[in-house]
Every structure is written in structure tokens, then in C-alpha cells.
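**Student:** Dumping the structure here so I can ask a few things about it.
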Amino acid sequence: MSFQDLPTAWQGFLQACNSCKNCDLYQSRDQVVVYRGSLNAPLMIIGEGPGREEDRQGRPFVGRSGRLLDDALLALEFTEADFHICNIVKCRPPENRVPTEEEAKACRRLLNAQFALVKPRVILLCGSTAYKYFTGGKEPISRVRGQWIEQKSFYIMPTFHPAYILRNMSKRDELWADLLAVQAKLEALGLKAPLSQSLSEHSQQG
Ligand code: URA
């Protein structure tokens with residue numbers, strides 16, 4: 001959708017993102033990376049921060065880990081209408097380092113505004129940075145992944161970051177299980193069509 005076709009509130013939000021200087025990351029960014037997917041998706045997927053490819057293209061999760069995530073989402077019959085993908089910080093940290101607490105805090109106002117615009121019912125937090133900065137939790141991701149955190153109007157599922165899965169393929173089944181749980185939650189909320197029969201039988205076999 002072109003900028004002119006976006007609802008006014010989104011145009012204002014994107015302008016605020018593109019002119020943001022709330023932390024020093026603006027100095028080294030090529031592009032502010034805000035989202036891809038649908039504006040009012042029932043599922044918000046939150047990663048850590050843009051990498052080199054994301055900074056170049058201005059879209060989140062378009063590198064190797066994004067491909068892994070997209071393949072899994074596609075296999076579970078998610079379409080772009082179902083999700084809104086974004087990050088804890090909207091500008092690339094130099095050398096792909098983990099965003100600092102200050103940077104995450106500086107970016108939180110924009111993430112909150114984004115959340116208010118999208119109004120997701122389910123949040124998938126990818127990796128320990130997203131978990132830590134979104135929930136304030138200090139537990140390792142391996143301990144909390146796969147368990148729902150229930151809030152008043154939405155549900156949070158923490159899971160492994162796809163970049164971690166690329167380095168530890170043996171953990172792929174855990175990511176798959178968490179995505180299946182997300183699919184089941186959205187289905188139970190009436191926000192996503194049931195899986196086709198063969199996939200559903202396959203997923204029940206584990
Ligand atoms: N990793 C992230 O956490 N986010 C991206 O957008 C890309 C890679």
C-alpha cells in the first residue's frame with residue numbers, strides 16, 4: 001500500500017518513525033524499519049531489531065532468519081493478512097549488536113503507538129531481547145517459550161528467535177510447536193481459519 005493510501009493515523013505514525021531521533025541509532029541507519037504485513041492483523045510478531053538487509057530494504061525480517069520465519073508461517077497457512085511483523089527497535093544497531101535498554105526504552109513509545117493502531121489479540125515474541133524488553137521478564141527464553149502469558153485483551157507467546165534456530169536446527173520443533181499454539185489460539189478466537197485437514201492431522205501427531 002502506498003503512503004497516500006494509508007489511513008491518516010498510519011501516515012502520522014510513519015512520519016513520526018521516519019523522523020525519530022529518540023536515541024543515537026538514527027545516526028547510523030539507512031532506513032527506519034517499521035513493519036510488514038497487515039495494518040490490523042490479529043497477530044503481531046516482534047523481533048529484536050533490523051539487520052543489514054532490513055536496514056537496506058526498510059522492511060523487517062527479510063534476511064535469512066526472515067525466510068525461515070516466513071517458511072514456517074506459510075506452512076501453517078498464515079497469509080500477510082494474518083500478521084504484522086515489527087521489532088523492539090526500528091533502527092539497526094551497529095554490527096547487529098543487541099539493542100541496549102536505553103534504545104529499547106526510547107523506541108517503546110513508537111512500539112506502543114504501533115500496538116494501539118494494530119490492536120493485535122496475539123503477540124509472538126521472537127527471542128530473549130523481545131521477551132525481556134516487551135514484558136520486563138528476566139527469565140531465559142528457553143524457560144518461558146511455549147507458555148502463554150495472558151493479558152487483559154491479548155495473549156503473548158514467547159518463542160526462540162529464528163536466527164537462533166538457524167544456528168541450532170535441533171530447536172526447530174520448539175519454534176514449530178509455538179507457532180502451532182499461536183495458530184490454535186487465533187483459530188479459537190475466530191481470527192484464523194482452521195488448518196487444512198492433512199496439516200491438522202500431521203500437527204496432532206507432533
Ligand atoms: N532479526 C530481527 O530480530 N528482526 C529483523 O527484522 C531481522 C532480523
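The values are calculated or read from the model by the stated rules, or taken from the named source; none is laboratory data. None of these values were measured; they are calculated from a predicted model. All Cβ positions, glycine included, derive from the backbone under ideal geometry; neighbour counts span all protein chains shown. The area values use the complete protein model at the heavy-atom level, side chains included, leaving out ligands, DNA and RNA. Shrake-Rupley method; radii C 1.70, N 1.55, O 1.52, S 1.80 Å.
**Student:** Can you compute the charge dipole magnitude of segment 1-84 about its Cα centre, using +1 on each Lys and Arg Cβ and -1 on each Asp and Glu Cβ, nothing else charged? Give it in debye, rounded to the nearest 20.
**Tutor:** Result for segment 1-84 is approximately 280 debye, rounded to the nearest 20.
**Student:** Would you mind checking the pairs Lys119/Lys171; Lys105/Lys185; Lys105/Lys152 and listing those with alpha carbons more than 26 angstrom apart?
**Tutor:** Check vs 26 Å cut-off fails for Lys119/Lys171; Lys105/Lys185.
**Student:** When DSSP beta bridges are limited to those with both residues in the chain, what percentage is antiparallel, rounded to the nearest 5?
**Tutor:** 20
**Student:** What accessible area per residue, rounded to a whole number of Å², is obtained for the chain using a probe radius of 1.4 Å?
**Tutor:** The answer is 52 Å² per residue.
**Student:** Also: Sort 119-127, 84-92, 68-76 by the packing proxy (mean of other Cβ within 10 Å over each peptide's residues), most packed first.
**Tutor:** 84-92, 119-127, 68-76
**Student:** Using the Kyte-Doolittle scale, which helices in the chain average at least -1.0 and also have C-alpha atoms spread 18 Å or more along the helix axis, with helices defined as whole DSSP H runs?
**Tutor:** 101-118, 172-188
**Student:** Once you wrap a convex hull around the alpha carbon atoms of segment 29-140, what is its projected area averaged over all directions, in nm²?
**Tutor:** Seen from a random direction, the Cα hull of segment 29-140 projects 6.7 nm² on average.
**Student:** Using just the alpha carbons, could you tell me how many Å³ per residue the convex hull of the chain encloses?
**Tutor:** Dividing the Cα hull volume of the chain by its residues yields 121 Å³.
**Student:** Please report Rg over Rh for segment 77-198, where both radii come from the alpha carbon positions and Rh follows the Kirkwood definition.
**Tutor:** 0.96
**Student:** When the dipole is taken about the Cα centre of the chain, and only Lys, Arg (+1) and Asp, Glu (-1) are charged at their Cβ, what size is it in debye, to the nearest 20?
**Tutor:** In total the dipole reaches around 480 debye.
**Student:** Once Rh for segment 25-76 is found with the Kirkwood sum over Cα pairs, what is the Stokes-Einstein diffusion coefficient at 4 °C and 1.567 mPa s, in µm²/s?
**Tutor:** In µm²/s, the coefficient rounds to 109.
**Student:** Something else: Taking only DSSP H segments of four or more residues, each worth -39500 (n - 2.57), what value at 222 nm results for the chain once the sum is divided by all its residues, to the nearest 500 deg cm²/dmol?
**Tutor:** Rounded to the nearest 500, it is -13000 deg cm²/dmol.
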